[in-house]
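Written out below as structure tokens is the structure these notes cover.
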Amino acid sequence: MKKLAIVFLVIVFFVGISALYTVSETQTAIKLRLGQIITVEQEPGLKFKTPLFNNVVKFDNRIQTLDAPAERFLTGEKKNVNVDYYVKWRIIDAKQFYISTNGNMARTNSRLAQIIKTGLKSEFSKRTIADVVFGERSEIMVNIKQLAKKDISEFGIEIIDVRIKRIDLSKEVLNSVYRRMQAERHRVAKEFRSKGAEEAEIIRAAADKERTIILANAYRDSEKIRGEGDAVSANNYAKAYNKDAKFYSFYRSLESYKKSFSGRNDIMVLNPNTEFFRHFNPAINIK
């Protein structure tokens with residue numbers, strides 16, 4: 001009897017354990033009876049099920065991430081680009097999700113990746129490389145998100161966000177883009193050099209003009225000052241000559257001698273009776 005009681009208690013214990021299950025805050029549970037959905041449990045806590053007849057399928061109700069491998073798409077220029085993207089999604093209707101996908105997360109990700117791939121293919125085929133890289137990247141992601149929402153409505157899920165992580169150009173496209181960028185940089189550099197040369201010519205011409213004006217004004221002022229000085233000098237000479245003509249004539253002759261005989265070896269071959277030596281020859285009449 002004791003053995004039977006122990007066996008009975010063990011059976012009751014295991015049956016009791018199998019009749020209980022828990023639902024956490026991050027889960028949604030579906031209770032099934034022979035494959036048919038009975039209830040959907042969204043409130044966390046300890047739950048009860050009928051052993052052998054009921055089974056429970058649990059789903060993570062947190063945001064899921066589909067990080068798909070890079071795909072190659074053709075742009076409107078018929079250029080290949082490799083696009084790496086991810087999708088954020090979550091289950092909003094566990095019952096519909098179970099009916100549509102049988103609760104298979106891998107199947108859901110595969111189907112979602114196919115929908116996003118179709119959307120990307122359509123969007124990229126309408127745009128150039130420049131558009132998809134930076135010009136209309138945000139618009140592409142918004143359009144794909146709207147398109148995907150229509151196609152996944154039957155899955156019981158919602159798309160939170162679609163993001164393009166990286167767009168890589170193929171080797172041929174990279175070389176083409178590099179050559180185009182190089183040509184563009186050469187064109188810009190040539191334009192800058194041309195503008196610089198033009199500005200240099202303008203500055204040089206302005207400097208030459210200013211230099212010519214400054215020199216002309218300086219020459220004019222110097223000639224004016226020289227003329228005024230010559231006038232003062234001539235006036236002083238005239239005044240000195242009028243005060244004592246003989247002394248002035250003697251002084252001027254001494255100045256001439258000084259300039260003419262500046263060295264000891266200076267020689268002049270002249271007639272001693274000339275006017276130049278009149279102060280050395282008393283026979284010459286000094287007037």
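The values are calculated or read from the model by the stated rules, or taken from the named source; none is laboratory data. Just so it is clear, the structure is predicted and the values come from calculations on it, not from any experiment. All Cβ positions, even for glycine, are placed from backbone atoms using ideal geometry, and neighbour counts span all protein chains on display.
Figures for the structure shown
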item: Some residue of the range 133-143 being among the acidic types (Asp, Glu) and over 30 Å from residue 41 (Cα atoms); result: yes
item: When residues of the range 91-120 are limited to those that are of a type in the set (Lys, Arg) and surrounded by 15 or more Cβ atoms within 10 Å (Cβ to Cβ), the one farthest from residue 28 (Cα to Cα); result: 117
item: Hey, residue 187 without any contact (Cβ under 8 Å) to a residue 60 or more places away in the chain and under 30 Å from residue 70 (Cβ atoms) or not; result: no
item: Selection status of residue 175, free of Cβ contacts under 8 Å to residues at least 12 places away in the same chain and farther than 28 Å from residue 40 by Cβ; result: yes
item: Qualifying position, being over 20 Å from residue 96 (Cβ atoms) and either modelled with pLDDT of 85 or more or buried (at least 19 other Cβ atoms within 10 Å of the Cβ) (or both), among 137, 163; result: 163
item: Lone qualifier among 73, 53 - being touching a Leu at 6+ places or on another chain (Cβ under 8 Å), surrounded by 13 or more Cβ atoms within 10 Å (Cβ to Cβ) and either at pLDDT 75 or above or not assigned by TED's automatic domain parsing to the domain that holds residue 128 (or both); result: 73
item: Helices (runs of 4 or more DSSP H) wholly inside the range 42-156 that include at least 3 residues being within 40 Å of the chain's Cα centre (by Cα); result: 105-124, 137-151
item: The range 25-41, residues that are surrounded by 12 or more Cβ atoms within 10 Å (Cβ to Cβ) and either aromatic (Phe, Trp, Tyr) or in contact (Cβ under 8 Å) with a residue 12 or more places away in the chain (or both); result: 27, 28, 29, 30, 31, 32, 33, 37, 38, 40, 41
item: Which listed residue is closer than 30 Å to residue 83 by Cα and either among the aromatic types (Phe, Trp, Tyr) or surrounded by fewer than 10 Cβ atoms within 10 Å (Cβ to Cβ) (or both), from 248, 178; result: 178
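One line per residue, one yes/no per condition, for (1) small (Gly, Ala, Ser); (2) loosely packed, with under 10 Cβ neighbours inside 10 Å; (3) at pLDDT 70 or above:
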position	(1), (2), (3)
194	yes, no, yes
205	yes, no, yes
211	no, no, yes
226	no, no, yes
229	yes, no, yes
235	no, no, yes
276	no, no, no
